[in-house]
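The values are calculated or read from the model by the stated rules, or taken from the named source; none is laboratory data. Quick caveat, the model's predicted, so the values are computed rather than measured. Glycine also receives a Cβ, built like all others from the backbone with ideal geometry; neighbour counts cover every protein chain displayed. Calculation scope for accessible area: heavy atoms of the full protein, side chains included, ligands and nucleic acids excluded. Shrake-Rupley method; radii C 1.70, N 1.55, O 1.52, S 1.80 Å.
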Amino acid sequence: MTAVLTLRARIRLVLALLLALTFVPTTPARAADPARTAAPAPAPGAARPHGAEVVAVTRVADRQLDLTVRSTALGGRTVNVRLLTPDGWNPADRSRHWPTFWLLHGCCGDYTSWTAKTDVAALDSLRDVLVVMPEAGWNGWYSDWWNHGEGGDPAWETFHTVELRHLLERDWGAGHDRVVAGLSMGGQGALLYAARHPGMFRATAAYSGSAHPLLNDESVDRLMGFFAGQGDDPLRVWGDPVAQRRVWEAHDPFHLAKRLKHLPVYLSCGDGTTGPLDPPGATSALEADFNRQNHALAAELKRVGARHLTTDFYGPGTHAWPYWQRALHDSLPMLLGALGVTG
């Protein structure tokens, strides 16, 4: 693979190209909120659930609650998780647990992105489920970072699938029936979590997701540019794409297709040309790349005998929120059906 031979030069080129892409803006930090309170004390004698604890709670809006969580997997740092709570939700009632919908943000966004950019909080079909929108870092890639073979901070996958999952199920009414969906980087995360944690999720959906980063050199270079992020060492995430190829394959949904074949899977993506929900002349090389990746994953899922694959490769359309909101709406019947919830 030529990607390694000219890695530094290629990363510089990709970073320059990325300046032309439309990223999901990070929501500015809010001023002190009078609704912010200390977290309720855990039940007497209860230990911290797998290294994480809620240290503050902020009531954002009707049915919207932000948890500030201190995580061992993230080196003791605190990050936020937004909950969209169901009607009748009461975390003090330890006897009731709700079907849980994990909704993951993309690169350059944060835990507020879905409620800020879409109508998710207004959807009546989500009034009977607990929606979990966790922070995943500006470019965390829903992974425990390789860190040159040393592992450690950040360990986003461990934070989400172990620490946060147990914390929510113990203290915040989350049940054991779960589905997961996400956009872009979060679409890759949704596929990875469903594949890498068998039995954790009943269905998964990816909207313009990075579905096969090892597809070709262009895809590898593009992702390495994202890994470089805000001056980060791109080799920290999964290592070198040749020397640590096994690590890359372990985080590439295409190479995990057999683990997804028994689950309902929803894939949607545009082709990067100007679509009906775009301003005139808008194009996206990123969406075009992800479109090729999603077609490759869909073909591989069919090859390995996937039983419940739904695709919406809708042609013209860029890497933009109007398409992701539409995809969320379109995929909800499948996701909620997997939870046994009628919208």
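I'm checking my understanding of the structure. Among residues of region 92-110 that are assigned to a loop (DSSP other than H, G, I, E, B) and touching a Ser or Thr at 6+ places or on another chain (Cβ under 9 Å), which one is modelled with the lowest pLDDT? Among them, the one singled out is Cys108.
What are the residues in region 200-222 that are surrounded by fewer than 23 Cβ atoms within 10 Å (Cβ to Cβ) and under 17 Å from the mean Cα position of the chain (by Cα), if any? Result: Met200, Arg202. A count restricted to region 92-107 and to residues that are in contact with a Lys or Arg (Cβ under 9 Å, 6 or more places away or on another chain) and open to solvent by 10 Å² or more (accessible area, probe 1.4 Å) stands at 2.
Among the residues making up region 120-158, those that are of a type in the set (Asp, Glu) and either within 16 Å of Ala73 (Cα to Cα) or at pLDDT below 95 (or both) are Glu135, Asp144, Glu150, Asp153, Glu157. Cβ-Cβ distances below 6 Å connect the following pairs, each with a first residue in region 153-166 that is under 17 Å from Gly186 (Cα atoms) and assigned to a helix (DSSP H, G or I), a second residue that is open to solvent by 10 Å² or more (accessible area, probe 1.4 Å) and of a type in the set (D, E, K, R), and a separation of six or more residues or different chains: Glu157/Asp144; Thr158/Asp144. In summary, Thr115 fulfils each of the numbered conditions (1) touching a residue at least 60 places away in the same chain (Cβ under 8 Å); (2) part of a helix (DSSP H, G or I) with the single exception of condition (1).
Among the numbered conditions (1) on the phi > 0 side of the Ramachandran plot; (2) out of contact with any helix residue (DSSP H, G or I) (no Cβ under 7 Å at 6 or more places or on another chain), the only one that Thr112 does not meet is (1).
Only a single criterion out of (1) at positive phi; (2) in contact with a strand residue (DSSP E or B) (Cβ under 7 Å, 6 or more places away or on another chain) is not satisfied by Tyr266, namely (1).
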